[in-house]
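In what follows, a structure is listed as structure tokens, so that the remarks can point back to it.
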Amino acid sequence: MTLDPHLDALAAALSGTVAATPALDTLLQVLETMPVMVALLDTQRRHVYANRSYREYMGRDLPTLVGHTLAGPMGEEQFRATQAMAERALKGEVVQSEGWMPFNGGGQQRYVVRLHGPHRGPDGEIAGYFVLMQDMTERRQMQDDLFRLAYYDPVTGLANRLLLLKHMGDYQAVGEPFTLVIIDIDRFVEIRTSLGQGFANELLIDLAHRLGRDGGPVDLLARVSDHAFAMLVAGDCDAPAIEQRIAAATGIVRSARSSSGAAVFLSASIGVATWNAAHERPEDVLRDAEIATGRAREGGGARHAWFDPTMHAHVVEQVRIEHDLRHALERNENLWVAYQPIVEMVTGGLAGFEALVRWNHPERGNIPPGVFIPIAESTGLVVTLGKWVLREACLQLADWQDKRIPGSAPLFMSVNLSTRQLADPDFVNQVRDVLRETGVEPSWIKLELTESAVMEKAEQSIRLLEGLRALGIKLSIDDFGTGYSSLSYLHKLPIDSLKVDRSFVSAMHQSEENRAIVRIIVDLARLLGFDVIAEGIETTADANLLRALACDYGQGYHFARPMPPADAEALVVNEPPWREAM
Ligand code: C2E
Ligand code: CA
Ligand code: CA
């Protein structure tokens, strides 16, 4: 070994082949105990000394290291990779670096933070350099995990909303135009409820995979919400090309499969927004794309929409309606309840009413519930509104029962419930309080819920419905036949009636097939012990058909429209006019 004489002496002292001074011996003990890897190398990059941590990492003992370079234990490639650092250290610099390095000469790589610094001999000249290294693999992996958690969706492995925003922000910063396409799966919540979370995740994974593979080249594919994906396409917006992507994505969604190969018919509401000068932040582009998606959804789903500024105006309008409705509720102004008679089909007698809320806006006149209820639902205001309607309807019913001819059967009152009310854990108590306050018998009240409302939070809903049932309240499934009903659920639900959706009733006269659908619903209800209400009866023919199918109750313009309380009261105390026509 031909080291320089100073290093020769040092090597001998450090390797313990000659007796060291007491000071050096102490230092040596410290070095050998340190978890940090320490090595001293000469100008030719040959080892003079290496401490225990270093030797263990390299898988070599001191005799096989001293006098040799790292080309052996680490391989030529890694040896060359650290060449620049060694050279800088030999010029007197202290250089810090980090990276993956082979461990123990094998295939395993570990993440190491390194410091290369000069070693000066007694004459002040650079005689070699030190290397200090620390194994940071665990910390690095933790960082990677945190990064993945923060920026990627654990189910599909796609980028998440945050990473998408980051990418859009990067494009904005350099002035690169881009277009954002959101693909929101229709009715996903119902699918998940009826088919299970595992199945729903399999569908999402399949969609993510195929959108990435066959959806055309995109700059980023992300999962932006529970059931929505986003494609980020950089460059000036090429509308025909984007339309092609949308067509491809639509095809992919339509042929979704679970990993077990089970297919389910899916569609998507797709919204597109292109970055423009009006967008200050990446969030604004995402908002616009989501507004367009919402528009496609409101149009019935299975379609796409390009954002245009009037859509924004529409959203602003909705916010106004929400604000005015809140105001109306707080002051108890301009809101009233209309009552539509429900008729016993066999006798034609009045059986009850459905309470339907009405809003007479001071500037805009009558706003139909089909407009303001969805808005109230999306903001949660429907909870307060629903409570108000229930109380009004109960007060009204209590008054009418008193006015009935003694001995006549009690009337029932149907009141619509929204999903949001079902989510309120205090709901059962509130209903109990209203009943107590108004003196209404629980069995006179029938709450109507849509299938999707129940399916969305099935387990939770069932518990709540049972709570209501325990009070003695009747429950009915509204718009039956339009949702994603699963028969396996239907018989578990603590309900009393099915309300056949009016689309089936109005289609009945068209074909035998349509009549068969209604017959099946009536038979199904019988089988499960529910009674059946048909809504949307507009003609005598409809009424006769339903009577022939042994439908229990009917409701519709043929009998009466929803009407103000005073008009409804006339029906309570007198013989209803439709009876004469029977
Ligand atoms: P719904 O519960 O299905 O109510 C029946 C709707 O059908 C009512 O519309 C009623 O006026 C209408 N209708 C009744 N008979 C006929 C008929 O023969 N032909 C036709 N074409 N329509 C008929 P309305 O009052 O506009 O209510 C629309 C929806 O708004 C209701 O649908 C219900 O989902 C919701 N809604 C109304 N009031 C309330 C409420 O107090 N709370 C909640 N959560 N929703 C309500
Ligand atoms: Ca209803
Ligand atoms: Ca209905």
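The values are calculated or read from the model by the stated rules, or taken from the named source; none is laboratory data. Predicted, not measured: the structure shown is a model, and the values here were computed from it. Ideal geometry is used to build each Cβ from the backbone, glycine not excepted, and the neighbour counts take in all protein chains shown.
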**Message:** Only one of Ala268, Ala292 is at pLDDT 95 or above, under 22 Å from Gly370 (Cα atoms) and crowded, with 16+ Cβ neighbours inside 10 Å. Can you tell me which?
**Reply:** Ala292
**Request:** Scan Tyr557, Tyr553 and give me the residue that is within 14 Å of ligand 3 (Cβ to nearest atom), surrounded by fewer than 21 Cβ atoms within 10 Å (Cβ to Cβ) and either farther than 22 Å from Val357 by Cβ or in contact (Cβ under 8 Å) with a residue 12 or more places away in the chain (or both).
**Result:** Tyr557
**Message:** Can you say whether Thr293 is of a type in the set (Ser, Thr, Tyr), in contact with a His (Cβ under 9 Å, 6 or more places away or on another chain) and touching a residue at least 12 places away in the same chain (Cβ under 8 Å), as far as the supplied structure shows?
**Reply:** yes
**Request:** Determine whether segment 244-256 contains at least one residue that is in the same structural domain as Leu232 (by TED's automatic domain parsing), in a loop (DSSP other than H, G, I, E, B) and among the hydrophobic types (A, V, I, L, M, F, W, C).
**Result:** yes
**Single match in Val95, Val112, Val155 (criterion: in contact with a His (Cβ under 6 Å, 6 or more places away or on another chain), over 30 Å from Glu280 (Cα atoms) and not hydroxyl-bearing (Ser, Thr, Tyr))** = Val95
**Item:** Residue, nearest to the chain's Cα centre (by Cα), within segment 316-354, restricted to residues that are β-branched (Val, Ile, Thr) and surrounded by 15 or more Cβ atoms within 10 Å (Cβ to Cβ)
**Value:** Ile321
**Message:** Looking only at residues that are within 16 Å of ligand 3 (Cβ to nearest atom) and free of Cβ contacts under 8 Å to residues at least 40 places away in the same chain in segment 488-505, which one is surrounded by the most Cβ atoms within 10 Å (Cβ to Cβ)?
**Reply:** Leu498
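Quick grid of which residues meet (1) modelled with pLDDT of 95 or more; (2) closer than 11 Å to Cys394 by Cβ; (3) β-branched (Val, Ile, Thr):
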site: Arg432; (1), (2), (3): yes, no, no
site: Glu441; (1), (2), (3): yes, yes, no
site: Lys446; (1), (2), (3): yes, no, no
site: Thr450; (1), (2), (3): no, no, yes
site: Arg463; (1), (2), (3): no, no, no
**Item:** Selected residue [of a type in the set (Ser, Thr, Tyr), under 24 Å from Thr347 (Cβ atoms) and away from ligand 1 (no atom under 13 Å from the Cβ)] from Ser414, Ser476, Ser461, Ser408
**Value:** Ser408
**Message:** Every residue in segment 75-109 that is assigned to a loop (DSSP other than H, G, I, E, B) and either within 25 Å of Gly124 (Cβ to Cβ) or outside the structural domain of Tyr54 (by TED's automatic domain parsing) (or both), please.
**Reply:** Lys91, Gly92, Glu93, Val94
**Asked** Looking at this structure, is Val357 crowded, with 18+ Cβ neighbours inside 10 Å, within 15 Å of ligand 1 (Cβ to nearest atom), at pLDDT 95 or above and aliphatic (A, V, I, L, M)?
**Response** yes
**Message:** If I ask for residues that are buried (at least 21 other Cβ atoms within 10 Å of the Cβ) and not aromatic (Phe, Trp, Tyr), which ones from segment 523-541 would you list?
**Reply:** Ala525, Val532, Ile533, Ala534, Glu535, Ile537
**Item:** Residues satisfying the stated conditions in segment 12-50, i.e. over 21 Å from Ile126 (Cα atoms) and outside any helix (DSSP H, G or I)
**Value:** Ser15, Gly16, Thr17, Val18, Ala19, Ala20, Thr21, Met34, Pro35, Val36, Met37
**Request:** Need at least 3 residues that are within 16 Å of ligand 3 (Cβ to nearest atom) per element, so show me which strands (runs of 3 or more DSSP E) inside segment 334-393 make the cut, counting only ones lying wholly within it.
**Result:** 335-344, 350-361
**Message:** Regarding segment 169-183, can at least one residue be identified that is surrounded by fewer than 21 Cβ atoms within 10 Å (Cβ to Cβ), in contact (Cβ under 8 Å) with a residue 12 or more places away in the chain and in contact with a Gly (Cβ under 8 Å, 6 or more places away or on another chain)?
**Reply:** yes
